[in-house]
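Asker: Below is a structure I'd like to ask you about.
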Amino acid sequence: MIAYNTAVVLAGASLLGASTGLVGSFAVLRRRALLGDALAHAAFPGVCLAFLCLDRRNLPAMLVGALMTGIVGVSLLIGLRRATRVKEDAAIGVVLSVFFGAGLALSRMIQNRSSAGSRAGLDSYIFGSAATMRLAELWLIAGVAAACLAIVLVLYKEFKLVAFDAGFARVQGWPAGRLDLLLMGLIAITVVIGLPAVGAVLIAAMLILPAAAARFWTDRLGVMLVVSAALGATSAAAGTLLSAQYDGLPTGPTIVLVGAAAFLCSALFALRRGALSRSVRQLRFRRRLEEQRLLRTLYEAAEAGRQASGGPQPSPLAPLHRVTHQPANAGRSPALQHAPRPAALRRAVRAGWLTVEPGGYGLSEQGLSRAAHVVRGYRLWRLFLSECADQVGAFGELDVEAVDERLPPGVVSALEARLLAEGRLPATEGERPRVRPS
Amino acid sequence: MNDFDFAAVDWGQAFWTIAAAALSSVSCALLGCYLVLRRMSLLGDAISHAILPGIAVAFWFGGTTAALPMFLGAVAVGLLTAALTETLHRAGNVPEDAAMGVVFTSLFALGVVMIARLSAGRIDLDPDCVLYGRIEHVLLETRTVLGREIPLAMFPLGTTLLATALFIGACWKELKIASFDPALATAMGLSAGVVHYLLMGMVAVASVAAFDSVGSVIVVAMLIVPAAAAHLLADRLGPMLAWAAGIAFLSAVLGYLGAVYFNTVVAGMMAIVVGLEFTLAVLLAPRHGLVSRAWHRLDLALRIVSEDIIARLYRAEEGRAEEGRAEESHLAGPSIGQPAGSGGFTAWLGLRRLLRRGDVKRAPDRSLRLTEQGRLAAQSLVRSHRLWEAYLGEHFDLPLDHLHEPAERVEHFIGPQLQERLASELARPGVDPHGKEIPPSDHKS
Amino acid sequence: MTTIPQPEPKTHEPDSAAPPVLDVHDVTVAYHRRPVLWDVDLTIQEPSLIGIVGPNGAGKSTLIKAILGLVPLASGSVAAFGQPIDRQRRRIGYVPQRESVDWDFPVSVLDVVLMGTYGQLGWFRRPGRRQRAWALECLEHVGLADLARQQIGQLSGGQQQRTFLARALAQRADLYFMDEPMAGVDAATEQVIFSLLRELREQGKTVFVVHHDLRTVPEYYEQVVLLNMRLVASGRTETTFTRANLQKTYGGRLDILDDAADALAARERSR
């Protein structure tokens, strides 16, 4: 059973997390992540000014004040970038620190002169105090979240275009400037309503973390928006519950920490784009490249040997030590390690492509067959690229053995005919040898 | 605050507070110059936030903020921020700004949570302290050196400034080239990556040192704002560093006095002061300020307008001389000199300038006449115009009626040197392609 | 034009067993596993003036960066003067693309040229009077001595490029890599650059130049490297810069080829 207060906070935080997640996706995609941070910091003096004007705590007035100074800050930032030699990063830093500093000075002035009772209000805008959320605040957050969702649903296609390529959108006749402004407005409003709960310092995290985490899971904008909103909502809910459970865990920072954990997991373990799967694929890619080059070197050496002896078939047992002293290496730099790395050789032996021969290595039956495939693919690609130099994109990911999958059969057979005529087509009878799954 | 009385200021307190603020600000500002030039100011922001968990951990063990473990812990976390940001950006394909945002907000949140847990227990380090620092309490802990009481905070701050100065001095050339052209630096063997991490390490050190006394807000402000202002004011690295240091120092002094006057925190007031200084720089910087740029634009517009006026008058005189008519021209009022696209106001200003300089005078019937001095200027201008037309006619296959317009635009920017080169290249032509006489370069010939 | 100032000329005795100037062995560079360079194998035995030619996105700049160790190699290795590039950095000069640096940077023209001497100085040593005099000499050589004290942002595009060349001269390298030094400069600057290349060559240096104007290739370079992801051909310009090879490099874009063919024909006629 959850207490009523906790339920309100939980609902408010989740809705806030969902809307920052949704809107934050666009901020991250438009490379505006830190603009949100500047905006949040610049909003803080607005809260103080509103308090100074009314001399009491009034949520709507403070939020309007926050929105105003936030917008002034962002406009100054854009003006600085356009009209002076101040670069974007410095402009963000200047606005962020000066406005926030001004807010601090104002809030302390207020604290020092008015009665102690009004003090509590302002500090909560720095680090946030989600635990004190009232029902009115919940309705406000719910309203803004619903509005954000509605606007994003209605203008999904337009936002997608602007987020992807604003210049193109403008050329196509979309009001890209106004759409961009609308997006900025959505970001500003979500940031401002989040201020009382999460605080100026950390609200940017709620914009960035879910969106950046969602980016790891998908390449599609629609999916990303959903995942990001869901991540935002769940991490906000989890953070709220955690901080309600344990004493001395402030709600805002705890929400951010949960979000950070979610991000870390995504960054490491996401299926396709995660760091783990990326580095595994990278390693496999390099090894495969190395392996293919090793096989090709051996095959071509064997081929050269056959030509010298006039034999009919490449010998499967051409020891590698001879290969490294081929005349092709004469006149090359002695310091270069033209020979294959021992680790690569050992791996190839384990995989069954090579056999250990006295004084070196040789191709196994299976290895010879695969090497022929590698060499065939290599030569077909080189020929194809020479013929159709403007089609380098067809190469795709670097894998010479994938030639039959990436080029139309007609093209392949035409290229094969050419190689055959030149006597350079390796004999590849039968099935392509099984390669370890990669 | 209205009954503020300077006599009531405790000047001993003021001196040491300003000294502490100045020492920390100046070290931050010096390092900040390189951050701003490398477009990495936000990494400075990130590091100054991210050191918080490092400080908290050290606090946990040491229980005091002046301890060496705090320095080491914070520097380690600072470097970690830089490395993590780079890793996320490079290997994770996260946009750089988002990567930075992720790393520093997460670490900062971690720091806040840790400090909140700590302060819930026994140790007095509340989150406010993180933002404002404890500069007001700088005199609480002192140590007597050579018979004088010196605040304890001065030692780490002074050491940091010294270390910063030494670092910049020793790596002057490395920092310069790695900031300007990192690829070349690496290609030369002065690895830009090594310089980058050295710089980030120093930023972390300066942040930690400043953190305790002035808080994270001022660290960010002092890392970025003085440097950004100095970049507008200086065109050399040395002067830029000097400007940044000066701006930071001034903001420490004025920030303290302002805080006393308005009864508020020193940190916030210093941010306001440095923001004002930055605004002044944006507006008034000699070459890159908005005012000087606007003035230069206006000046150029006026020059073009007034040159157009005298050229018109010159041509009108020429026309009269050719036709042998003795009547006065009816050129009057500012409208005559109005080039396409510029308003009547600029033309009026331009005419005022000509009259004031004595290039043009009003005849009794209020029509405009060139003075001798004005005629010389006009002659040179018309010479430029017609030489350019002749040059265009010679080298480009343009119809006759297409020559005037480019010449009208270019004539204002052809100095005597270029005139001479054009003339000699064209073998000193007498007339332009329209058959008009090209006036000689000065009245004597 | 005077010769390039050489206060301490280095002697390069022709040595039959001398290692090749540059040896690029089977270099592959991939960006997210998409190949940018594929199996580039290139040996330059003797000092020469070499143009790197290929369509946009063919990996010309990447090749230079790969050789200099500025981008990671997926496979392969590079050596200069018979040793890994890391041991030869002081003998290597680099002129990056003009857009790669921030021209608002608060340094003077002379400062930039002085940066050329940093590699020779190594870590922590500061440039002294000798280096300054030398930098000024280099600057004079490209005709910018008057502008030595200007902030670099005040220069025109051609002057900026010449500043970069002066910096390259100041490096006193034996092997230069220049990334499109003639992009976006006026004809006069292009001539200055070209005559500098010639002089460097006459002093026995090797210069690689990424070049985009096919018409001037036969006139400017002794050797060409034709590149389009993979090395299409390399060798002496007369034998390598042929229509067939260009077709293999550029594909069917014939208008470009015609330009190049005209240039070749003009060269033939002029002999």
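Every read-out reported here was derived from the displayed coordinates using simple, explicitly stated rules and does not represent laboratory data. Only a predicted model underlies this, so the values are computations on that prediction, with no experimental measurement involved. All Cβ positions, glycine included, derive from the backbone under ideal geometry; neighbour counts span all protein chains shown.
Asker: Please report the orientation-averaged projected area of the range B:181-312, defined via the convex hull of its C-alpha atoms, in nm². Don't jump to the answer; show the numbers that get you there.
Answerer: Details: hull surface 49.9 nm².
For the range B:181-312, the mean projected area of the Cα convex hull comes to 12.5 nm².
Asker: Then there is this: Which trypsin sites (Lys or Arg not before Pro) does the range B:348-425 hold that lie in a coil by DSSP with at most 16 other beta carbons within 10 Å? Please report the intermediate quantities before stating the final value.
Answerer: Details: sites: B:Arg352, B:Arg353, B:Arg356, B:Arg357, B:Lys361, B:Arg362, B:Arg366, B:Arg369, B:Arg375, B:Arg383, B:Arg386, B:Arg409, B:Arg421; in loops: B:Arg366.
Answer in residue order: B:Arg366.
Asker: Tell me the mean residue ellipticity at 222 nm calculated for chain B from its helices only (DSSP H runs of n ≥ 4, each -39500 (n - 2.57), averaged over every residue, nearest 500).
Answerer: Working: 16 runs with 312 residues, N = 445.
Here the helix-only value at 222 nm equals -24000 deg cm²/dmol.
Asker: I want to verify the translational diffusion coefficient of the range C:34-128 in µm²/s; compute it with Stokes-Einstein, Rh as the Kirkwood radius over Cα pairs, at 20 °C and 1.002 mPa s. Present the calculation step by step, with values, prior to reporting the outcome.
Answerer: Working: Rh = 16.0 Å.
Estimated diffusion coefficient is 134 µm²/s.
Asker: Related question: By the scheme Lys and Arg +1, Asp and Glu -1, what is the net charge of all other residues having a beta-carbon under 11 Å from that of B:His196?
Answerer: Value of the local net charge: -1.
Asker: On a straight-distance basis, which lysines could pair with C:Lys205 in a cross-link, Cα separation under 19 angstrom, same-chain partners fewer than 8 positions away excluded?
Answerer: Cα-Cα hits under 19 Å: C:Lys10.
Asker: What distance in nm separates the two pseudo spin-label positions at C:Glu238 and A:Val280, each 7 Å out from Cα along the beta-carbon direction?
Answerer: A separation of 5.8 nm, rounded to one decimal place.
Asker: Averaged across A:160-169, how many Cβ atoms of other chains sit within 10 Å of each residue's Cβ atom?
Answerer: Working: counts 0, 0, 0, 0, 0, 0, 0, 0, 0, 0.
Other-chain Cβ atoms within 10 Å of each residue's Cβ, averaged: 0.
Asker: Applying a 10 Å radius around every beta-carbon, put C:39-47, B:227-235 in order of their mean neighbour count, most first.
Answerer: The densest-packed peptide leads the list: B:227-235, C:39-47.
Asker: To continue, here is another question. Using +1 at the C-beta of Lys and Arg and -1 at the C-beta of Asp and Glu, which of A:Val192, A:Leu182, A:Ser228 has the Cα lying farthest in the positive direction of the dipole of the range A:157-239?
Answerer: A:Leu182
Asker: Rounded to the nearest 500 deg cm²/dmol, what is the calculated helix-only ellipticity per residue at 222 nm for chain C, with -39500 (n - 2.57) per DSSP H run of length n ≥ 4? Before the final figure, lay out the partial values.
Answerer: Details: 10 runs with 94 residues, N = 271.
Using -39500 (n - 2.57) per qualifying helix, the result is -10000 deg cm²/dmol.
Asker: Could you run the Debye sum over the Cα atoms of the range B:403-445, one equal point scatterer each and no solvent, and tell me log10 of I(q)/I(0) at q = 0.26 Å⁻¹, two decimals?
Answerer: Values, matching the q order: -1.21.
Asker: Calculate, in nm to one decimal, what B:Phe155 and B:Asp401 gain on full extension: separation in residues at 0.36 nm each, minus their alpha carbon distance. Present the calculation step by step, with values, prior to reporting the outcome.
Answerer: On the way: separation 246, 0.36 × 246 = 88.56 nm, distance 7.73 nm.
Length difference between fully extended and current span is 80.8 nm.
Asker: Now for a different question. More than 17 angstrom separation, counting every C-alpha pair in the range B:154-241; what % is that? Show your work: numbers first, answer last.
Answerer: Working: 2184 of 3828 pairs.
For the range B:154-241, the share of Cα pairs beyond 17 Å comes to 57 percent.
Asker: Please determine, in degrees from 0 to 90 and to the nearest 10, the orientation of helix C:129-141 with respect to the longest principal axis defined by the Cα atoms of chain C, where the helix direction is its Cα long axis.
Answerer: Taking Cα atoms only, the helix is inclined about 50 degrees.
Asker: Also, quick follow-up: Where a ≥ b ≥ c are the square roots of the eigenvalues of the C-alpha gyration tensor, would you call the range A:212-273 rounded, which needs a/c under 1.5, or, failing that, prolate if a/b is larger than b/c, or oblate?
Answerer: Working: a/c = 3.72, a/b = 2.15, b/c = 1.73.
Cα axes put the range A:212-273 in the prolate bin.
Asker: In degrees from 0 to 90, rounded to the nearest 10, what is the angle of the helix B:68-90 Cα long axis to the longest principal axis of chain B?
Answerer: Once rounded, one gets 50 degrees.
Asker: A follow-up question, please. If the cut-off is a Cα-Cα distance under 29 Å, which lysines reach A:Lys160, setting aside same-chain residues fewer than 8 apart in sequence?
Answerer: A:Lys87
Asker: Among residues other than C:Val192 whose Cβ falls under 14 Å from its Cβ, what is the net charge (Lys/Arg +1, Asp/Glu -1)? Mind dumping the intermediate values first?
Answerer: Working: positive: C:Arg162, C:Arg198; negative: C:Glu140, C:Asp186, C:Glu190, C:Glu199.
Local charge sum for C:Val192: -2.
Asker: If one puts a single equal scatterer on every Cα of the range C:58-110 and applies the Debye formula without solvent, what log₁₀ I(q)/I(0) results at q = 0.24, 0.28 Å⁻¹?
Answerer: The Debye formula, applied to the Cα set alone, gives -1.01, -1.17.
Asker: Listing B:Ser251, C:Ser48, A:Ser413 from the residue with the fewest other Cβ atoms within 10 Å to the one with the most, what is the order? It would help to have the intermediate numbers written out before the result.
Answerer: Numbers: B:Ser251 30, C:Ser48 17, A:Ser413 11.
Ordered by Cβ neighbours within 10 Å, fewest first: A:Ser413, C:Ser48, B:Ser251.
Asker: Once you order the gyration tensor axes a ≥ b ≥ c over the Cα atoms, which shape class does the range A:20-104 get: rounded for a/c under 1.5, otherwise prolate or oblate by comparing a/b with b/c?
Answerer: Values: a/c = 2.68, a/b = 1.47, b/c = 1.83.
Oblate, since a/c reaches 1.5 and b/c is not below a/b.
Asker: Also, I was wondering about something else. Rounded to the nearest 0.05, what FRET efficiency is calculated for A:Ser75 and C:Ala145 with R0 set to 45 Å and r the Cβ-Cβ distance? Don't jump to the answer; show the numbers that get you there.
Answerer: Working: r = 45 Å, r/R0 = 1.01.
Calculated value: 0.50.
Asker: Tally the DSSP beta bridges in the protein assembly as shown and give the antiparallel ones as a percent, rounded to 5.
Answerer: Values: 34 of 50 bridges.
Looking only at bridges with both residues in the protein assembly as shown, the antiparallel portion is about 70 percent.
Asker: Pairs of alpha-carbon atoms within less than 8 angstrom and 6+ residues apart define the contacts here; what relative contact order does chain A have, in percent? Numbers along the way, then the final one.
Answerer: Working: 595 pairs, mean separation 75.2, N = 438.
Relative contact order comes out at 17 percent.
Asker: Could you tell me which GluC sites (Glu not before Pro) in the range C:143-244 are loop residues by DSSP with no more than 11 other beta carbons within 10 angstrom of their beta carbon? Kindly include the intermediate steps, with their values, before the conclusion.
Answerer: Working: sites: C:Glu190, C:Glu199, C:Glu202, C:Glu219, C:Glu222, C:Glu238; in loops: C:Glu222.
For GluC sites (Glu not before Pro) across the range C:143-244 that sit outside H, G, I, E and B with at most 11 neighbouring Cβ atoms in 10 Å, the list is empty.
Asker: Oh, and also: At A:Leu242 and A:Val226, where each label point lies 7 Å from the Cα along Cα→Cβ, what is the point-to-point distance in nanometres?
Answerer: 2.7 nm
Asker: Rank these for me by crowding, B:Val431, C:Val217, going from fewest to most other beta carbons within 10 Å.
Answerer: On the way: B:Val431 11, C:Val217 22.
The order, fewest Cβ neighbours first, is B:Val431, C:Val217.
Asker: Report, in degrees rounded to the nearest 10, the 0 to 90 angle that the Cα long axis of helix A:4-29 makes with the longest principal axis of chain A.
Answerer: 50 degrees
Asker: Please report, to two decimal places, log10 I(q)/I(0) for the range A:99-212 at q = 0.10, 0.11, 0.13, 0.15 Å⁻¹ as given by the Debye formula with identical point scatterers on the Cα atoms and no solvent.
Answerer: The Debye formula, applied to the Cα set alone, gives -0.43, -0.51, -0.66, -0.80.
Asker: Using Stokes-Einstein with the Kirkwood hydrodynamic radius over Cα pairs, what translational diffusion coefficient do you get for chain A at 10 °C and a viscosity of 1.306 mPa s, in µm²/s rounded to a whole number? Show your work: numbers first, answer last.
Answerer: Working: Rh = 26.5 Å.
Diffusion coefficient, whole number: 60 µm²/s.
Asker: For chain B, modelled as a GNM with alpha-carbon contacts under 10 angstrom, which of B:Arg428, B:Arg287, B:Arg303 fluctuates the most?
Answerer: Comparing B:Arg428, B:Arg287, B:Arg303 in a Gaussian network model of chain B, the most mobile one is B:Arg428.
Asker: So, one more: More than 39 Å apart: what percent of Cα pairs in the protein assembly as shown qualify? All intermediate terms of the calculation are to be shown ahead of the outcome.
Answerer: On the way: 406267 of 665281 pairs.
That tail contains 61 percent of the Cα-Cα pairs.
Asker: Roughly how big is the protein assembly as shown's charge dipole about its Cα centre, with Cβ charges of +1 (Lys, Arg) and -1 (Asp, Glu), in debye to the nearest 20? Write out the running numbers ahead of the final one.
Answerer: Values: 112 positive and 102 negative charges, 373 e Å.
Dipole of the protein assembly as shown, to the nearest 20 debye: 1800 debye.
Asker: Explain nothing, just compute: Karplus ³J(HN,Hα) = 6.51 cos²θ - 1.76 cosθ + 1.60, θ = phi - 60°, for every residue of the range B:157-165 in order, whole Hz, x for Gly and Pro.
Answerer: 5, x, 4, 5, 4, 4, 4, 4, 4
Asker: Let me ask you something else. If you take the Cα atoms of chain C, find Rg, then find the Kirkwood Rh from the mean of 1/r over all pairs, what is Rg/Rh?
Answerer: On the way: Rg = 18.6 Å, Rh = 19.4 Å.
Result for chain C is an Rg/Rh of 0.96.
Asker: Largest first, please: the extent of the C-alpha atoms of chain B along each principal axis, to the nearest Å.
Answerer: 104, 61, 39
Asker: Using the Cα gyration tensor of the range A:1-64, with a ≥ b ≥ c the square roots of its eigenvalues, what is the shape: rounded (a/c below 1.5), prolate (a/b larger than b/c) or oblate (neither)? Working shown, then result.
Answerer: On the way: a/c = 3.51, a/b = 1.03, b/c = 3.41.
Verdict is oblate for the range A:1-64.
Asker: Note down the magnitude of the dipole of chain A about its Cα centre, charges +1 on Lys and Arg C-beta and -1 on Asp and Glu C-beta and zero elsewhere, to the nearest 20 debye.
Answerer: Numbers: 46 positive and 28 negative charges, 119 e Å.
It comes to approximately 580 debye.
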